[in-house]
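**Student:** I'd like to ask you about the structure that follows.
The values are calculated or read from the model by the stated rules, or taken from the named source; none is laboratory data. Treat the numbers as computed from the prediction; the structure is a model and nothing was measured. Reconstructed Cβ throughout: ideal geometry from the backbone, glycine too, with neighbour counts over all protein chains shown. Side chains included, ligands, DNA and RNA excluded: accessible areas come from the protein's heavy atoms. Shrake-Rupley method; radii C 1.70, N 1.55, O 1.52, S 1.80 Å.
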Amino acid sequence: MGSLTVTHERADSFFDTFERKAELQHQTHYCPGCGHGIVHKLLAQAIDELGIQDRTILISPVGCSVFAYYYFDVGNVQSAHGRAPAVATAVKRSRPESIVVSYQGDGDLAAIGTAEIVHAANRGEPITVIFVNNGIYGMTGGQMAPTTPLGRKSTTSPFGRNQWTEGFPVHVCELLNSLEAPVFIERVGLGNNKQIMNAAKVIKRAMENQVKGLGFSFVEVLSPCPTIWKFNPVEAQRFVREEMAKVFAIGNLRDRTKEAVQRPAATPPPAVEDIPRILGLVNGEAEAPPTGRPDRALNLHIKVAGFGGQGVLLLGEVLAEAGLESGYEVSWLPSYGPEMRSGTSNCHVRLSSDPIDSPLVSRPNVLLALNEPSLRKFLPALEPGGIVLYNGEAFPEDCARRDVRAMALPFSHLADEMGESKAGNIIMLGALLEATGLLEEEQVIGALRRLVKSQRWFELDLKALECGREEVRKQPFPLAEDYLWGV
Amino acid sequence: MTTNTKPDRGSVEMNSEECKGCGLCVEACPPKVLRLADRLNRYGYHPAVYAGHGCTGCGICFFVCPEPGGIKVLRRAMEPAAELAAACA
């Protein structure tokens, strides 16, 4: 007769102590009889047996299992609600040699995360997804889940789930089984010993598939929630066996592991220092970053407004970019409808020598109005003493203010005369710069060079800038002796 | 009638301070040698305990237990012949 040897004990893939709280560091936070504890154990066991602890990365969800990272001694990423498959995709692609497991509950995966799981499966991401389905929202206190069986009461279906108002339980395995890409889909249960032992095998296979590089593997685990279902743990197990398994048939839905083709190896990610070049953010010689604080104190609240297609947003962007170049704090906030042309369009630009509190400009001190409706809309909000440039021969009689610095010039006509009607925005910019000395020419041209990709347009814009300046010089009215007309 | 002189094929070590008293192991144990104790553990649960004999070392209780280190299962290494005899017994 031999001596006793240990055959089953705590998996190495668990931490020795769970340091979530000062107390109870050897227990999970799960309720007595919770299925998560069992699934954790089966998963940890599989990780141990496959010898992949050092390269496993677990993506924890939101829900009861949100703290999985306190338990599994593997790489861990905790993701936003429902986004675990998207996060898993990123992790797997950037670390193809790792074994990535997305561990999710039914509220996480089948409600808020429906899009992520469907598309990760459809792309056949070579990850393993463990979907723990207990048919209810546990952590939040028993709301109806997409997987709650018909007739079951929950706090949000107090008369029982009704197909006419709440719809039918969502069968995620069947849903994913309609897609081409997944390699392995199986539903298991935790309803009795046999089901649990089978679940252990299936979870291990789903992990093994990934080790072999086969493709998307999905395991749904019907799991008990004694607390919310208001059963004792043994009754809850019976409920899984007798009710949940009736609604969600246990079994393998797809096993294409034999015919699965090896995915082509992912191209290794580029080096971080290479990214600016790939994105085209480097143009030859290195640009010196803006240094220090600008000499002049400035606090501009600029509103640029017009109709879509007039270059409203670009004008704002050039101002912000040139401000940035000059060392100011800047923000640029576009506001426009879905129309690419016509429709109204405006942007909020802040340039300040101090940190910017809000990018919103509700009381501008500079208003650049590219059409009449914009002038009428925003002129009343202009700060007294502010600047308004208007794209027109003259201000409409019923729309003028005596307490602001105003200039009307037909910028669009000037642009037409230049031969490029769309350059009106930059002519206006030239006029603004000439009248106010707001920003240095050099910074504005630098901003244009970065923002205007086409060489032809860049040259046109330089002409337009000069044209705007020229027009202002011709004006009879005296120009700013005082910097910025006093703004 | 069998005389119970042969040692058990297995044994379990129950970590009663990790146990939450859910009772799943008691329900799952094929030879029914686990039960919930009358006493309470440090957290106020009736922990599962081993009767002390009769364990076959099957390991079922380990898998149904939701706590990572709640149960440790041990098994007696047997000679192949003895194993066969035990299986037929």
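**Student:** On a 20 Å Cα-Cα criterion, which of the cross-link pairs A:41/B:72; A:41/A:204; A:153/A:246; A:303/A:463; A:422/A:463; A:212/A:258 come out too long? Mind showing how you got there, number by number?
**Tutor:** Values: A:41/B:72 13 Å; A:41/A:204 11 Å; A:153/A:246 17 Å; A:303/A:463 24 Å; A:422/A:463 13 Å; A:212/A:258 11 Å.
Where the Cα-Cα span goes over 20 Å, the pairs concerned are A:303/A:463.
**Student:** Given the options A:360, A:188, A:410, identify the residue whose Cα lies farthest towards the positive end of the charge dipole of chain A (+1 on Cβ of Lys, Arg; -1 on Cβ of Asp, Glu).
**Tutor:** Value computed over the given set: A:188.
**Student:** Residues with amide H under 5 Å of residue A:133's amide H, sequence separation 5 or more or different chain, H placed in the peptide plane at 1.01 Å from N; which?
**Tutor:** Answer set, sorted by chain and number: A:221, A:222, A:223.
**Student:** Moving on. Find the accessible area per residue for the range A:299-486; the probe is 1.4 Å, ligands and nucleic acids are left out, and the unit is Å².
**Tutor:** Numbers: 8640 Å² over 188 residues.
Value for the range A:299-486: 46 Å² per residue.
**Student:** Quick one: Karplus J couplings for the range B:64-77, per residue in order, coefficients 6.51, -1.76, 1.60, θ = phi - 60°, nearest Hz, x for Gly and Pro?
**Tutor:** 7, 6, x, 8, x, x, x, 9, 10, 10, 10, 9, 7, 5
**Student:** Oh, and also: Can you give me the % of accessible surface on chain A that is carbon or sulfur? Probe 1.4 Å, all protein chains present, nothing else counted. Could the numbers behind the result be given before it?
**Tutor:** Working: 12140 of 22510 Å².
C and S fraction of accessible area: 54 percent.
**Student:** Over chain A, calculate the relative contact order: mean separation of alpha carbon pairs under 8 Å at least 6 apart, over the residue count, as a percent. Don't jump to the answer; show the numbers that get you there.
**Tutor:** Numbers: 947 pairs, mean separation 44.1, N = 487.
Reported relative contact order: 9 percent.
**Student:** Once both labels are modelled 7 Å past Cα along the beta-carbon direction, what's the residue A:20-residue A:453 spacing in nm?
**Tutor:** The answer from the label model is 4.9 nm.
**Student:** Just how large is the dipole of the range A:101-244 about the Cα centre, in debye to the nearest 20, putting +1 at every Lys and Arg Cβ and -1 at every Asp and Glu Cβ?
**Tutor:** In debye, rounded to 20, the range A:101-244 gives about 400.
**Student:** Compute the Rg/Rh shape ratio of the range A:167-230: radius of gyration over Kirkwood radius, all on alpha-carbon atoms. Don't jump to the answer; show the numbers that get you there.
**Tutor:** On the way: Rg = 13.6 Å, Rh = 13.1 Å.
For the range A:167-230, the value is 1.04.
**Student:** Out of all DSSP beta bridges in the protein assembly as shown, what portion is antiparallel? Express it as a percent rounded to 5.
**Tutor:** Antiparallel: roughly 50 percent of the beta bridges in the protein assembly as shown.
**Student:** Here's another thing I want to ask about it. Considering the dipole of the range A:299-486 built from charges on the beta carbon (Lys and Arg +1, Asp and Glu -1) around the Cα centre, which of A:472, A:386, A:423 is farthest to its positive end?
**Tutor:** A:423
**Student:** Sticking with this one: Computed over the Cα atoms, what is the radius of gyration of chain A divided by 2.2 N^0.38 Å, N being its residue count?
**Tutor:** Numbers: Rg = 32.1 Å, N = 487, 2.2 N^0.38 = 23.1 Å.
Dividing the Cα Rg of chain A by 2.2 N^0.38 Å gives 1.39.
**Student:** OK, next. Is there a quick way to get the dipole size of the range A:299-486? I mean about its Cα centre, with the Cβ of Lys and Arg at +1 and of Asp and Glu at -1; what is the value in debye to the nearest 20? Before the final figure, lay out the partial values.
**Tutor:** On the way: 18 positive and 27 negative charges, 89 e Å.
Result for the range A:299-486 is approximately 420 debye, rounded to the nearest 20.
**Student:** Please report the projected area of the range A:1-87's Cα convex hull averaged over all directions, in nm². Please list the in-between numbers first.
**Tutor:** Numbers: hull surface 30.0 nm².
For the range A:1-87, the mean projected area of the Cα convex hull comes to 7.5 nm².
**Student:** Put A:73, A:106 in order of accessible area, largest first, 1.4 Å probe: what do you get? Can you show the working numbers first?
**Tutor:** Values: A:73 60, A:106 5 Å².
Order by accessible area, largest first: A:73, A:106.
**Student:** Please give the residues from the range B:6-31 for which the solvent-accessible area of heavy atoms, probe 1.4 Å, is smaller by at least 30 Å² with all protein chains in place than with the chain isolated.
**Tutor:** B:18, B:20, B:22, B:24, B:27
**Student:** Using alpha carbons only, how many degrees (0 to 90, rounded to 10) separate the axis of helix A:441-451 from the longest principal axis of chain A?
**Tutor:** The two axes meet at around 40 degrees.
**Student:** Please check which bits of the range B:18-33 a label hung off residue A:232 would reach, taking the label as a point 7 Å along Cα-to-C-beta and the cut-off as backbone N under 11 Å.
**Tutor:** B:22-24, B:27, by backbone N distance to the label point.
**Student:** Still on this structure, I have one more. Using R₀ = 56 Å, calculate the FRET efficiency as 1/(1 + (r/R₀)^6) where r is the Cβ-Cβ separation of residue B:6 and residue A:78; round to 0.05. Spell out each step's value before the answer.
**Tutor:** Details: r = 51 Å, r/R0 = 0.91.
Once the sixth-power term is evaluated, E becomes 0.65.
**Student:** I want to verify the translational diffusion coefficient of the range A:364-440 in µm²/s; compute it with Stokes-Einstein, Rh as the Kirkwood radius over Cα pairs, at 10 °C and 1.306 mPa s. Could the numbers behind the result be given before it?
**Tutor:** Values: Rh = 12.6 Å.
Using the Kirkwood radius from Cα pairs, D works out to 126 µm²/s.
**Student:** Still on this structure, please answer the following. How big is the C-alpha Rg of the range A:299-486 next to the rule-of-thumb value 2.2 N^0.38 Å, as a ratio? Provide the component values of the computation, followed by the final result.
**Tutor:** On the way: Rg = 15.0 Å, N = 188, 2.2 N^0.38 = 16.1 Å.
In units of the globular-protein estimate, the range A:299-486 measures up at 0.93.
**Student:** Separate question: Could you run the numbers on buried accessible area between A and B, total for both chains, 1.4 angstrom probe, in Å² to the nearest 100?
**Tutor:** On the way: alone 24120 and 6180 Å², together 27170 Å².
Answer for the A-B pair: about 3100 Å² buried.
**Student:** Go ahead and collect, in residue order, the members of the range A:301-331 whose backbone nitrogen is under 18 Å from a label point 7 Å along the Cα-Cβ direction of residue A:401.
**Tutor:** Residues A:301-306 qualify, since their backbone N sits under 18 Å from the label point.
**Student:** How large is the accessible surface of residue A:250 in square angstrom, using a 1.4 angstrom probe and rounding to the nearest 10?
**Tutor:** Number for this one is 70 Å².
**Student:** For the range B:10-88, what Kirkwood radius comes out of the mean inverse Cα-Cα distance, in Å?
**Tutor:** Details: mean 1/r = 0.0765 Å⁻¹.
Value: 13.1 Å, from the Cα pair sum.
**Student:** Let me ask you something else. Keeping all protein chains in place, calculate the accessible area per residue for the range A:1-76 (probe 1.4 angstrom), answer in Å².
**Tutor:** Computed with neighbouring chains in place, this is 41 Å² per residue.
**Student:** Helix-only estimate, please: 222 nm mean residue ellipticity of the protein assembly as shown, summing -39500 (n - 2.57) across DSSP H runs of length 4 or more and dividing by its residues, to the nearest 500.
**Tutor:** Numbers: 19 runs with 175 residues, N = 576.
Calculated mean residue ellipticity at 222 nm is -8500 deg cm²/dmol.
**Student:** How big is the charge dipole of chain A about its Cα centre, in debye rounded to the nearest 20, if each Lys and Arg gets +1 on its Cβ and each Asp and Glu gets -1 on its Cβ? Numbers along the way, then the final one.
**Tutor:** On the way: 48 positive and 57 negative charges, 451 e Å.
Dipole magnitude for chain A comes out near 2160 debye.
**Student:** Could you sort B:40, A:451, A:58 by their accessible area in this structure, using a 1.4 Å probe and putting the largest first?
**Tutor:** From most accessible down to least: B:40, A:451, A:58.
**Student:** Expressed as an acute angle from 0 to 90° and rounded to the nearest 10, what is the orientation of the C-alpha long axis of helix A:424-436 relative to the principal long axis of chain A?
**Tutor:** The answer is roughly 60 degrees.
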